[in-house]
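Taken together, the values in this text are just the output of simple stated rules run on the coordinates, not laboratory data. None of the values given here were measured: they were computed from a predicted structure. Cβ sites come from the backbone with ideal geometry, for glycine too, and all protein chains shown count toward neighbours.
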Amino acid sequence: MNWMNKRVLVIGAGLSGQGAVRKLQNLGAEVFLTDQQSSERLAGVEELGLDQDHLLLGFVPNFGEIKPELLILSPGVSPKLSLVQEGISLNIPVWSEVELAMYDCPALCVGVTGTNGKTTTTTLIGELAKLTGRSTMVAGNIGVALSGQVDKMDENSIVVAELSSFQLEFIHKLRVQIGILLNLTPDHLDRHGTLEEYLKVKARIFENQTEMDLAILNWDDPLVRDLGPKLRSRVMYFSPTSFLQDGISLWHDQIVYAEKAKRTMIPIISKKDLQLRGAHNLENVMSAAAAARAFGLSWTEIAEGLRQFKGVEHRQEVVGLFEGILFINDSKGTNTDAATKALLAFDEPLVLIAGGKNKGLDFHEFMKVVRGKVKSLVLLGQAADEMEQAARDEGVQRIIKVNTFEEGVETGISEAIPGDVVLLSPACTSWDMFKNYEQRGELFKELVRRHYREPIQ
């Protein structure tokens, strides 16, 4: 494609949008950037060097005046936005930012998607990739935009990309040589409408793969497993619950790789040697091991990498043990399935702090788990009333509703006694109170440490 002077409209001026602008500028395109927020709320936009005719913030610009030849969407931009719909109606190509980012990148690309576990798996694969000695970049839906990060990668490099359904919605030629679909549970139904549509978007991660590429799929998830026969690529399954004659699975307490044709079974690592807690993390470990084997690590090297990995921030992160109470920050638990897995990771009595902005999910099944696992449920945010009703419907006994996040943390602390776990796992997004889940998790950690007068690092 000849990018010189090509008129491109980037919609969404956050990290992804700004990364896209920089890449387009380097390619010689004429770039327009728009966002309904003002520049005061968008750190970094002034550094892009766009004049007032090309930096269109705080209002919806006139599509006809811009005359874009291509639209680039940041992940948070809804396809229902009038600018996007106008572009589609005029048959103007619409690309996700990740499509642009990887447009001319020669590196091997590992793509990770799924409802839950993406960040942990992506981070773990990134750590394993570094053990190869090859230049490695971890980016995507993990807080670092792909655009601008991968431009210096070469054929010997490895890009590990966390890819959300929003990012996969408008890909065209994006090819991941190793693609992973971890699991699929209801999420983002306010955007995708149905679970079937959500699956269709997630499965796009495999659509440009060839017979030389690898798809890594969760055998235990029927929706994910059934994709296997439909794909052009080679398929490797993993299962955290049952033994597979082909793939990576459990044999007693060992994670093993088996290959039926060769009648081989290779032990990789014992569950007890992993630092990641919770049965759900076996999905992350197994899929990461499969990817690492595909890009060339030995099983011995993989085992050592798995043994050293401690997890990621805001995902069942240990804040500390204070006066016999363990505090866990799982702010990244932004849906009911993720929060359920966090609850099931602990045997201790739990005080759960939950709530925020709902994404169109029903809370009743989640509250059945809460009833069996949680001694005190502290609710806050926009979804508090809805969650309270579901909790009462399912027989949860101790429910406390609060008005602020600060009050929620103090209430959680007051409800706990030595031997308990205070768990922040909201089952909702943070967007009603916070900019993102990271900001929510950081405040939780700060409030806990301030309460116990521990100096903040």
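If you model segment 62-177 as an ellipsoid using its alpha carbon gyration tensor, with each semi-axis the square root of five times an eigenvalue, the axes come out at 29, 15, 10 Å, biggest first. 3J(HN,Hα) along segment 289-303, derived from phi through the Karplus expression 6.51 cos²θ - 1.76 cosθ + 1.60 where θ = phi - 60°, amounts to 5, 5, 5, 5, 5, 5, 9, x, 6, 7, 4, 5, 5, 5, 4 Hz, with x in place of Gly and Pro. In segment 7-92, Cα pairs under 8 Å separated by at least six residues give a relative contact order of 38 percent. Cβ-to-Cβ counts within 10 Å put M4, M137, M102, M433 in ascending order as M4, M433, M137, M102, the fewest first. A dipole drawn for segment 101-308 from +1 and -1 charges on Cβ atoms has a positive end, and of L184, V110, G247 the residue lying farthest that way is G247.
Amide H contacts for K401 (H built 1.01 Å from N in the peptide plane; partners 5 or more residues away or on another chain; cut-off under 5 Å): L379. Site pair F243 and N208 shows an inter-label distance of 4.1 nm when each label is modelled 7 Å from Cα along Cα→Cβ.
Seen from every direction in turn and averaged, the convex hull around the alpha carbons of segment 159-256 projects onto 6.9 nm².
Taking amide hydrogens as placed 1.01 Å from N in the peptide plane, the amide H of Q36 sits under 5 Å from those of G58, each at least 5 positions away in sequence or on another chain.
Distance from the Cα centroid of segment 319-358 to that of segment 231-260 is 30 Å (rounded to whole angstrom). Work out which GluC sites (Glu not before Pro) in the chain are exposed loop sites (DSSP not H, G, I, E or B, at most 10 other Cβ within 10 Å) and give the longest gap free of them. So the longest stretch without any such site is 1-154.
When the square roots of the Cα gyration tensor eigenvalues are ordered a ≥ b ≥ c, the ratio a/c for segment 53-99 is under 1.5, which makes its shape rounded. Annotation note: trypsin sites (Lys or Arg not before Pro) in segment 381-415 located in DSSP loop regions with a Cβ neighbour count of at most 13 within 10 Å are R398. The phi torsions of segment 162-177, fed into the Karplus equation with coefficients 6.51, -1.76 and 1.60 and a -60° offset, translate into couplings of 7, 10, 7, 4, 4, 6, 7, 4, 10, 8, 10, 10, 4, 10, 10, 5 Hz, rounded to whole numbers, with Gly and Pro shown as x.
Calculated FRET efficiency, D393 to K80, Cβ-Cβ distance, R0 = 22 Å: about 0.10 to the nearest 0.05. Among L174, L146, L108, the order by Cβ neighbours within 10 angstrom, fewest to most, reads L108, L174, L146.
Of all DSSP-defined beta bridges confined to the chain, some 25% are antiparallel rather than parallel. Helix content alone sets the calculated 222 nm mean residue ellipticity of the chain: runs of n ≥ 4 DSSP H residues at -39500 (n - 2.57) each, divided across all residues, give -8500 deg cm²/dmol.
Segment 7-92 has equivalent-ellipsoid semi-axes of 18, 15, 12 Å, by the square roots of 5 times the alpha carbon gyration tensor eigenvalues, sorted largest first. How large is log10 I(q)/I(0) at q = 0.16, 0.21 Å⁻¹ when the Debye formula is applied to the Cα atoms of segment 317-451, each weighted equally and without solvent? Log10 of I(q)/I(0), two decimals: -0.68, -1.27.
Taking each residue as 0.36 nm, the span from H172 to M1 lengthens on full extension beyond its C-alpha to C-alpha distance by 60.2 nm.
Beta bridges assigned by DSSP with both partners in segment 317-451 are antiparallel in approximately 25 percent of cases. Cα centroid separation, segment 261-285 to segment 17-41: 43 Å. Phi-derived couplings, Karplus 6.51 cos²θ - 1.76 cosθ + 1.60 at θ = phi - 60°, listed residue by residue for segment 281-288: 6, 5, 4, 5, 5, 5, 5, 5 Hz, with x used for Gly and Pro. Potential lengthening of the chain between W299 and E196 amounts to 33.5 nm, from the contour at 0.36 nm per residue minus the alpha-carbon distance. In this calculation the C-beta distance from H252 to S38 is compared with R0 = 41 Å, giving a FRET efficiency of 0.10. A cut-off of 5 Å between modelled amide H atoms, ignoring neighbours fewer than 5 places along the same chain, links V319 with F327, I328, N329.
Note on segment 316-363: semi-axes of the ellipsoid equivalent to its C-alpha gyration tensor, largest first and rounded to whole Å, are 22, 11, 9. The relative contact order of the chain, computed from alpha carbon pairs under 8 Å that lie at least 6 residues apart in sequence, is 11 percent. On a 28 Å Cα-Cα criterion, which of the cross-link pairs K200/K359; K359/K401; K130/K373 come out too long? As for pairs spanning more than 28 Å Cα to Cα, those are K130/K373. Shape annotation for the chain: C-alpha extents along the principal axes are 65, 60, 42 Å, from largest to smallest.
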